[in-house]
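Accompanying notes for the structure given below.
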Amino acid sequence: MEVRDRYAPSPTGLQHIGGIRTALFNYLFARSQGGKFILRLEDTDRTRFDQAFVQNLYDTFDWLDLKWDEGPDIGGPAGPYIQSERLPLYRKYAEELLEKGEAYYCFCSSRRLEEVRKAREEAHSSGYDRRCRDIPAAEAARRAADGEPYTIRLKIPLGQSTRFTDRLLGDVEWKNDDVNPDPVLLKSDGFPTYHLANVVDDRLMGISHVLRAQEWLSSTPLHVILYRAFGWEPPEFCHLPMVMGQDGKKLSKRHGATSIDEFHRQGYLPQALLNYVALLGASYEEGKDIYTLEELARKFSLDKLNKASAVFDYKKLEWYNGQYIRMKTDEELAALALPYALEAGLFGQAGSEGSAEDRAAFTAAMPLIKERVSFLGEIPGKLGYLFKEPPVPAAAEFIPRKSDLTQTIKLLKTGRDIAVPLAGLNDTEAEALVKQRAETEGVKLGDLLMPLRVAVTGARVSPPLFGSIRLLGAERSLARIDAALGVLSKEQ
Ligand code: GLU
């Protein structure tokens, strides 16, 4: 049997971590089985539908570079893949259930349903009171044909239980009397509800495995009842562990970014995000963290999923991102970070494109920060001193521990002596030169470097000093040192 699975989002919100996790697990499972991964848009909730969310879905998956085999944008043999384009089908199947006596017309007005809801709430129960269930079928058909507004409801077989085996959670059993009482399948506007459309489409699209978040588990008995009502074999279900925040509550905006858009904006790399999300609720090799998508696809197995909910750890994701940043070449990293540099106005005003030299300098500066950043958005802030003259810090900033102003001026003058050669040396050569100089002067290496660093980069903590002097060149470095000496001597 061919494995076919799907990601079936409702475009009622931005793509977020939970959704991506479901999509990715479906993708990996299909790949691991040589099967097909399908995208289906479940857009039957017209009040919450927004085309912007559809666009966000496509943009997100484009950015992640995660591709489906069949879907609304690329078509496929089981299309259309958008539920609002399949309305006649749902009507046909709802009517089939009417004919079989597995469903019935309901003529209750929304006002009456509201009254029922309130009354039931007071009695600590919920759902429909099944009033129309017993209207004789011929009479109901006549009323519908006469134009009376109606919905079609599923006739849940009462006094029985529904059982299914979840691939992860094992045997699940629900008493039918506890299942949502006779839910609507087809609404009065002709749109199907989630339950009908989901089951009909999974069947017609040949879905063999339904991998979805555990929040859908409570709908599954109802879906199984629907499959049986049609006389169909249900697919295999696997409800994925929930994704929680560190406090054990469902991951939400309270915990931090959840929309993929936001991670993108902050400068996370899609590979890092996918790698981290792939390990939410699954474990592979002990002690191994970094996996390519291909590796994950080879290793993925439903047997490796954890039952317990997964905890989303922002720090761990940051770590992953840092790892992926280090794997980029300088050119790749500069290209990825460029939009952030432009937005931050690194080369002039915000949005300024910068000259060819600016861009070349930006690329050349990547080795200075590659080991030191966790996301792209941090990069411009760390490199500002290379592109704009930093203000000269106050004298106190220059003074090494246990030193004083007079000594510091002397140290910086020594630094000035070697600045020109330093600009032409590689790190090893530069290191040797400063060591030798510190020795002849009888000063500590750190003490020699501190005032020089503050003068050249404008801060006590900065990217590597030698690389900075090299990139700035002798002339600009000297000018900064002189400006600093000016400030220091005024203090004396
Ligand atoms: N449309 C549902 C959602 O928004 C699909 C749930 C399922 O996978 O069955 O997630």
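The values are calculated or read from the model by the stated rules, or taken from the named source; none is laboratory data. Since the structure is predicted, the reported quantities are computational estimates derived from the model, not experimental observations. Cβ coordinates were reconstructed from backbone atoms using ideal geometry, including for glycine residues, and neighbour counts include every protein chain displayed.
For the range 258-266, indicate whether the set of residues that are touching a Gly at 6+ places or on another chain (Cβ under 9 Å), touching a residue at least 40 places away in the same chain (Cβ under 8 Å), within 27 Å of R167 (Cβ to Cβ) and among the hydroxyl-bearing types (S, T, Y) is non-empty. Write out each step before concluding.
Our first condition is that a residue be touching a Gly at 6+ places or on another chain (Cβ under 9 Å); within the range 258-266, this holds for 258-260, 262, 265-266.
Among the residues that remain, those that are also touching a residue at least 40 places away in the same chain (Cβ under 8 Å) are: 258-260, 265-266.
With within 27 Å of R167 (Cβ to Cβ) added as a condition, the list becomes 258, 260.
Imposing the further condition that a residue be among the hydroxyl-bearing types (S, T, Y) reduces the set to 258.
Within the range 258-266, one or more residues are touching a Gly at 6+ places or on another chain (Cβ under 9 Å), touching a residue at least 40 places away in the same chain (Cβ under 8 Å), within 27 Å of R167 (Cβ to Cβ) and among the hydroxyl-bearing types (S, T, Y).
In the list T414, T428, T457, which residue meets the criterion of being within 28 Å of V373 (Cα to Cα), among the β-branched types (V, I, T) and surrounded by fewer than 21 Cβ atoms within 10 Å (Cβ to Cβ)?
Working: T414 fails: within 28 Å of V373 (Cα to Cα); T457 fails: surrounded by fewer than 21 Cβ atoms within 10 Å (Cβ to Cβ).
Selected residue: T428, the only one of T414, T428, T457 that is within 28 Å of V373 (Cα to Cα), among the β-branched types (V, I, T) and surrounded by fewer than 21 Cβ atoms within 10 Å (Cβ to Cβ).
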> Looking at the range 29-81, which of its residues are among the aliphatic types (A, V, I, L, M) and closer than 25 Å to S301 by Cβ?
Replying inline: A30, I38, L39, L64, L66
> Do any residues in the range 5-22 that are within 11 Å of N56 (Cβ to Cβ) and charged (D, E, K, R) have Cβ atoms under 8 Å from those of residues that are more than 9 Å from the ligand (Cβ to nearest atom) and assigned to a helix (DSSP H, G or I), where the two are at least six apart or on different chains, and which pairs are they?
Replying inline: none
> (1) within 11 Å of the ligand (Cβ to nearest atom); (2) within 14 Å of R4 (Cα to Cα): which one isn't true of T220, the others all being true?
Replying inline: (2)
>> So, in the range 1-14, exactly how many residues are within 14 Å of the ligand (Cβ to nearest atom) and either small (G, A, S) or within 20 Å of I74 (Cα to Cα) (or both)?
In response: 9
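State which residue is farthest from the chain's Cα centre (by Cα) when the search covers only the range 395-405 and only residues that are surrounded by 12 or more Cβ atoms within 10 Å (Cβ to Cβ) and assigned to a loop (DSSP other than H, G, I, E, B).
The first filter runs over the range 395-405 and keeps only residues surrounded by 12 or more Cβ atoms within 10 Å (Cβ to Cβ), leaving 395, 397-400, 403, 405.
Applying the additional criterion that residues be assigned to a loop (DSSP other than H, G, I, E, B) yields 399-400, 403.
Working: I399: 45, P400: 44, S403: 50 Å.
If we take residues in the range 395-405 being surrounded by 12 or more Cβ atoms within 10 Å (Cβ to Cβ) and assigned to a loop (DSSP other than H, G, I, E, B), then S403 is farthest from the chain's Cα centre (by Cα).
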> Being hydroxyl-bearing (S, T, Y) and at pLDDT 95 or above, is that true of even one residue in the range 235-252?
Replying inline: no
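If you scan the range 427-475, which residues turn out to be aliphatic (A, V, I, L, M), in a helix (DSSP H, G or I) and farther than 17 Å from G384 by Cα?
Residues of the range 427-475 that are aliphatic (A, V, I, L, M), as a first pass: 430, 432-434, 438, 443, 445, 448-450, 452, 454-456, 459, 461, 465, 469, 471-472, 474.
Going one step further and asking which of them are in a helix (DSSP H, G or I), we end up with 430, 432-434, 438, 445, 448-450, 452, 454-456, 465, 469, 471-472, 474.
Matches in the range 427-475: A430, A432, L433, V434, A438, L445, L448, L449, M450, L452, A474.
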> When you scan the range 200-211, how many residues do you find that are within 8 Å of the ligand (Cβ to nearest atom) and surrounded by fewer than 22 Cβ atoms within 10 Å (Cβ to Cβ)?
Replying inline: 0
> Quick one: which of I369, I379 is touching a Gly at 6+ places or on another chain (Cβ under 8 Å) and within 20 Å of G458 (Cα to Cα)?
Replying inline: I379
>> Given the condition outside any loop (DSSP other than H, G, I, E, B) and surrounded by 12 or more Cβ atoms within 10 Å (Cβ to Cβ), answer yes or no: does some residue in the range 346-357 qualify?
In response: no
> Between residues in the range 339-363 that are touching a residue at least 60 places away in the same chain (Cβ under 8 Å) and residues that are surrounded by 16 or more Cβ atoms within 10 Å (Cβ to Cβ), which pairs lie under 8 Å by C-beta distance while being six or more apart or on different chains?
Replying inline: Y340/G267; Y340/L376; Y340/G377; Y340/I379; Y340/P380; A361/L386; A361/F387; A361/L471
> In the list R21, R48, which residue meets the criterion of being basic (K, R), at pLDDT below 95 and within 14 Å of the ligand (Cβ to nearest atom)?
Replying inline: R48
> When both residues are 6+ apart or on different chains and their Cβ atoms are under 6 Å apart, which pairs have a first residue that lies in the range 198-223 and is of a type in the set (V, I, T), and a second that is assigned to a strand (DSSP E or B) and near the ligand (Cβ under 9 Å from one of its atoms)?
Replying inline: I207/R6
>> I need the full set of residues from the range 364-394 which are of a type outside the set (G, A, S), touching a residue at least 60 places away in the same chain (Cβ under 8 Å) and not in a helix (DSSP H, G or I), in order please.
In response: R372, F375, E389, P390, P391, V392, P393
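Scanning for something touching a Ser or Thr at 6+ places or on another chain (Cβ under 9 Å) and in a loop (DSSP other than H, G, I, E, B), does the range 476-489 turn up at least one residue?
Looking only at the range 476-489, we keep the residues that are touching a Ser or Thr at 6+ places or on another chain (Cβ under 9 Å), and these are 477, 480, 488.
Among the residues that remain, those that are also in a loop (DSSP other than H, G, I, E, B) are: none.
There is no residue in the range 476-489 that is touching a Ser or Thr at 6+ places or on another chain (Cβ under 9 Å) and in a loop (DSSP other than H, G, I, E, B).
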> Residues T363, T329: which one is hydroxyl-bearing (S, T, Y) and closer than 29 Å to L452 by Cα?
Replying inline: T363
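Can you name every one of the strands (runs of 3 or more DSSP E) wholly within the range 155-220 that holds 3 or more residues which are of a type in the set (A, V, I, L, M, F, W, C) and touching a strand residue (DSSP E or B) at 6+ places or on another chain (Cβ under 9 Å)? Step through it out loud before you land on a result.
On the way: elements: 161-166, 170-175, 184-186, 209-213.
Output list reads 184-186, 209-213.
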>> Filter the range 52-66 down to the residues that are without any contact (Cβ under 8 Å) to a residue 40 or more places away in the chain and exposed (fewer than 14 other Cβ atoms within 10 Å of the Cβ) and list them by number.
In response: A52, Q55, D62
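Hey, does the range 260-267 have a residue that's among the charged types (D, E, K, R) and within 16 Å of the ligand (Cβ to nearest atom)?
Narrowing the range 260-267 to residues among the charged types (D, E, K, R): 261-262, 265.
Filter again for within 16 Å of the ligand (Cβ to nearest atom), leaving none.
No, the conditions are met nowhere in the range 260-267.
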>> From the list L168, L154, exactly one residue is within 16 Å of the ligand (Cβ to nearest atom), surrounded by 17 or more Cβ atoms within 10 Å (Cβ to Cβ) and at pLDDT 95 or above. Which is it?
In response: L168
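So which of A257, A197, A229, A272 is within 12 Å of the ligand (Cβ to nearest atom), of a type in the set (G, A, S) and either more than 22 Å from E173 (Cα to Cα) or buried (at least 18 other Cβ atoms within 10 Å of the Cβ) (or both)?
Working: A257 fails: within 12 Å of the ligand (Cβ to nearest atom); A229 fails: within 12 Å of the ligand (Cβ to nearest atom); A272 fails: within 12 Å of the ligand (Cβ to nearest atom).
After applying the criteria, what remains is A197.
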